[in-house]
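Undergrad: Got a structure for you, questions after.
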């Protein structure tokens, strides 16, 4: 495999098993496209899928899955804690090896054209693939969610990057882009006061003086009787997981609130975990290739290439 | 590769670069034997090598390396902080996949016979391969080190398992065996009082009521002006790294001493690190195959098998 990418499509369905299985089927059966992980969340009502493999194989499989999602999800009756504007809400492409960020941007643009032509769902481009600077940020594109965007899409500021200025009547719009590897990291707090999670999330965000590479929202987890700071770490190399967790603990202490548990949602690169292990265990000079499996498979890969 | 083992030969040379390179050469060039890692320690005066691969390839390469070590290391002039009885001090075999512990014991026994015939170095069997129950424990075999064993070897209690009751005149004896994966984990303490490290090490050991799967000694690191609790975790699944580290912190606090840093020496299975990460970061239900590289390479391996 000379070019390897990751792709994490997010579908707005986390409750109906039959629909989720139908969406996953084409992602499991395509040669060259590896389904790393898929996790549904009932509170978020969302299915997050991690794929890795060849760009062509992944694009083909994701298009098939998106057709199924479009035909089975109606955003007009969809409810969930996670913001969304589409049945297929976001499709990010991430370089892993043998491919540059620039090539992933080109891939996102050509896939977006093909996607609109095949599915009739308008497309916004975000992050590195954004065509307008403000659309680098997903939250700008998703402002007001599906319910507001239905009307706001007529406003020239909110026209899609591809497609007519109207949403698909049931599937909304899709945000497609290219970005660095994103770690989804949630921290649950021992309180039912959602304002505490919201306040902490606000202090973590760049827009209010927090970390440059953390996106955070505060949510109530009503089933669990907890609140959650739900985060995307968009550059785990510059903003390590442990640093974010420790700041959340410090902020929560202001209200006498403690961490109940955390969640790594979906896939995580080994480097992100090892960096935080090294911090907590004070491991000096710990190297990724001291991990047996990573080193052995790297050596076996090299031998096969030779 | 249908049978995969790990082998971690320890050589009593951590200072002379040319000798270490000569020892490593046959371990690098043998097809089917992968050199995962090698680390020399000047204070210990010891070279620890991690190999993984096919049993036959590893045995062949280790025998060649041992011949070179025998011819270049003279224990009569060797000094180092780490206990040892041989130029090639220990050779443990560890099952990784497709091979049972029982088969690794058989492998150790047949390799031991061949080793004595080829090198004229007497052999003791330890851990799972021990022929006498007390020899399961390496410290029993190594009691008094090379300097005492030279005379004590005549005592029937200390006769080698293979070979005449006399040590090789320069290379001593070698301890060969089969065991679970061993994590070498050192904790450095902010003090120059070696008695503190020794006391903590004593409390960690099974023989004085500590953990059943931890071997620990206390050492002075004179170059660094610190002391070290140097450990082998012989069953990281039952005695997790974080649990050992936290107990050391608690014991050290008795003297107002803190941890300066820790060291993972050589290779570590991903599961050992991930277990401790999950503890410190309070990650609920974290799975090994959420780590991108581990999952992807597993899927690629399955595809190749198919």
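The values are calculated or read from the model by the stated rules, or taken from the named source; none is laboratory data. Keep in mind that this is a model prediction, so the values were computed, not measured. When we count neighbours, we look across all protein chains shown, and the Cβ atoms used for this are built from the backbone with ideal geometry, even at glycine.
Undergrad: What do you reckon, is residue B:98 buried (at least 18 other Cβ atoms within 10 Å of the Cβ), within 14 Å of another protein chain (Cβ to nearest Cβ) and over 30 Å from residue B:217 (Cα atoms)?
TA: Numbers: buried (at least 18 other Cβ atoms within 10 Å of the Cβ): no; within 14 Å of another protein chain (Cβ to nearest Cβ): yes; over 30 Å from residue B:217 (Cα atoms): yes.
Here the answer is no, as residue B:98 does not meet what is asked.
Listed here are the residues, each with its yes/no results for (1) under 16 Å from residue B:4 (Cβ atoms); (2) under 16 Å from the mean Cα position of the chain (by Cα); (3) not in a helix (DSSP H, G or I).
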{"residue": "B:61", "(1), (2), (3)": "yes, no, no"}
{"residue": "B:69", "(1), (2), (3)": "no, no, no"}
{"residue": "B:90", "(1), (2), (3)": "no, yes, yes"}
{"residue": "B:118", "(1), (2), (3)": "no, no, no"}
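Undergrad: Say whether the condition of being out of contact with any strand residue (DSSP E or B) (no Cβ under 8 Å at 6 or more places or on another chain) and farther than 21 Å from residue B:231 by Cα is met by at least one residue in segment B:85-98.
TA: We begin by selecting, within segment B:85-98, every residue out of contact with any strand residue (DSSP E or B) (no Cβ under 8 Å at 6 or more places or on another chain); these are none.
Within segment B:85-98 (the criterion being out of contact with any strand residue (DSSP E or B) (no Cβ under 8 Å at 6 or more places or on another chain) and farther than 21 Å from residue B:231 by Cα), the answer is no, since none of the residues qualifies.
Undergrad: Further question on the same structure: Show the residue pairs that are 6+ apart or on different chains and have beta-carbon atoms under 8 Å apart, the first residue being within segment B:127-148 and at positive phi, the second being surrounded by 19 or more Cβ atoms within 10 Å (Cβ to Cβ).
TA: Close Cβ pairs satisfying both conditions: B:127/B:92; B:127/B:138; B:127/B:177; B:127/B:178; B:127/B:179; B:145/B:84; B:145/B:85.
Undergrad: What number of residues in segment B:25-40 are within 16 Å of residue B:13 (Cβ to Cβ) and within 13 Å of chain A (Cβ to nearest Cβ)?
TA: Looking only at segment B:25-40, we keep the residues that are within 16 Å of residue B:13 (Cβ to Cβ), and these are B:25-27, B:38-40.
From what's left, within 13 Å of chain A (Cβ to nearest Cβ): B:27, B:38-39.
Counting residues in segment B:25-40 that are within 16 Å of residue B:13 (Cβ to Cβ) and within 13 Å of chain A (Cβ to nearest Cβ) gives 3.
Undergrad: A further question follows. Filter segment B:252-265 for residues that are surrounded by 18 or more Cβ atoms within 10 Å (Cβ to Cβ) and over 11 Å from residue B:189 (Cα atoms); which is farthest from the other protein chains (Cβ to nearest Cβ)?
TA: Among them, the one singled out is B:265.
Undergrad: Residues that are farther than 22 Å from residue A:262 by Cβ and out of contact with any helix residue (DSSP H, G or I) (no Cβ under 6 Å at 6 or more places or on another chain), at least 1 per element: which strands (runs of 3 or more DSSP E) completely within segment A:154-231 meet that? So that I can check it myself, show each step before the final result.
TA: Values: elements: A:174-178, A:183-189, A:214-221.
Once the strands (runs of 3 or more DSSP E) in segment A:154-231 are filtered for at least 1 residues that are farther than 22 Å from residue A:262 by Cβ and out of contact with any helix residue (DSSP H, G or I) (no Cβ under 6 Å at 6 or more places or on another chain), what remains is A:174-178.
Undergrad: From the list A:155, A:188, which one is modelled with pLDDT of 95 or more and crowded, with 20+ Cβ neighbours inside 10 Å?
TA: Details: A:155 fails: crowded, with 20+ Cβ neighbours inside 10 Å.
Of the residues listed, the single one that is modelled with pLDDT of 95 or more and crowded, with 20+ Cβ neighbours inside 10 Å is A:188.
Undergrad: Does residue B:293 satisfy the criteria of being within 10 Å of chain A (Cβ to nearest Cβ), farther than 23 Å from residue A:244 by Cβ and surrounded by 17 or more Cβ atoms within 10 Å (Cβ to Cβ)? Steps first, answer last, please.
TA: Values: within 10 Å of chain A (Cβ to nearest Cβ): yes; farther than 23 Å from residue A:244 by Cβ: no; surrounded by 17 or more Cβ atoms within 10 Å (Cβ to Cβ): yes.
It is false that residue B:293 is within 10 Å of chain A (Cβ to nearest Cβ), farther than 23 Å from residue A:244 by Cβ and surrounded by 17 or more Cβ atoms within 10 Å (Cβ to Cβ).
Undergrad: Can you name the condition, by its number, that residue A:271 falls short on among (1) surrounded by fewer than 21 Cβ atoms within 10 Å (Cβ to Cβ); (2) modelled with pLDDT of 95 or more; (3) more than 8 Å from every other protein chain (Cβ to nearest Cβ); (4) part of a helix (DSSP H, G or I)?
TA: (2)
Undergrad: Now for a separate question. Filter segment B:1-25 for residues that are outside any loop (DSSP other than H, G, I, E, B), within 18 Å of residue B:66 (Cβ to Cβ) and touching a strand residue (DSSP E or B) at 6+ places or on another chain (Cβ under 9 Å) and give the result.
TA: Step one: filter segment B:1-25 for residues outside any loop (DSSP other than H, G, I, E, B), giving B:4-7, B:10-11, B:17-25.
Then drop every residue that is not within 18 Å of residue B:66 (Cβ to Cβ), which leaves B:5-7, B:10-11, B:18-25.
Of everything in segment B:1-25, those that are outside any loop (DSSP other than H, G, I, E, B), within 18 Å of residue B:66 (Cβ to Cβ) and touching a strand residue (DSSP E or B) at 6+ places or on another chain (Cβ under 9 Å) turn out to be B:5, B:6, B:7, B:10, B:11, B:19, B:20, B:23, B:24.
Undergrad: Then there's this: So in segment A:71-87, with the set limited to residues that are closer than 23 Å to residue A:144 by Cβ and part of a helix (DSSP H, G or I), which one is farthest from the other protein chains (Cβ to nearest Cβ)? I'd like the intermediate steps shown before the answer.
TA: The initial filter retains those residues of segment A:71-87 that are closer than 23 Å to residue A:144 by Cβ, namely A:73-87.
Restricting the remaining residues to those that are part of a helix (DSSP H, G or I) gives A:75-77.
Details: A:75: 29, A:76: 34, A:77: 30 Å.
Ranking the candidates gives A:76 first.
Undergrad: Could you say which residue among A:136, A:46 is closer than 23 Å to residue A:158 by Cβ, crowded, with 19+ Cβ neighbours inside 10 Å and within 19 Å of the chain's Cα centre (by Cα)?
TA: Details: A:136 fails: crowded, with 19+ Cβ neighbours inside 10 Å.
Just one listed residue meets the conditions, A:46.
Undergrad: Kindly evaluate residue A:245 against the criterion of being assigned to a helix (DSSP H, G or I), touching a strand residue (DSSP E or B) at 6+ places or on another chain (Cβ under 7 Å), crowded, with 16+ Cβ neighbours inside 10 Å and modelled with pLDDT under 90.
TA: Values: assigned to a helix (DSSP H, G or I): yes; touching a strand residue (DSSP E or B) at 6+ places or on another chain (Cβ under 7 Å): yes; crowded, with 16+ Cβ neighbours inside 10 Å: yes; modelled with pLDDT under 90: no.
Here the answer is no, as residue A:245 does not meet what is asked.
Undergrad: Restricting to segment B:41-59, what's the tally of residues that are within 14 Å of chain A (Cβ to nearest Cβ) and assigned to a helix (DSSP H, G or I)?
TA: Within segment B:41-59, the subset within 14 Å of chain A (Cβ to nearest Cβ) is B:41, B:48-54, B:57-58.
Narrowing the set further to residues that are assigned to a helix (DSSP H, G or I) leaves B:57-58.
Total meeting the criteria: 2.
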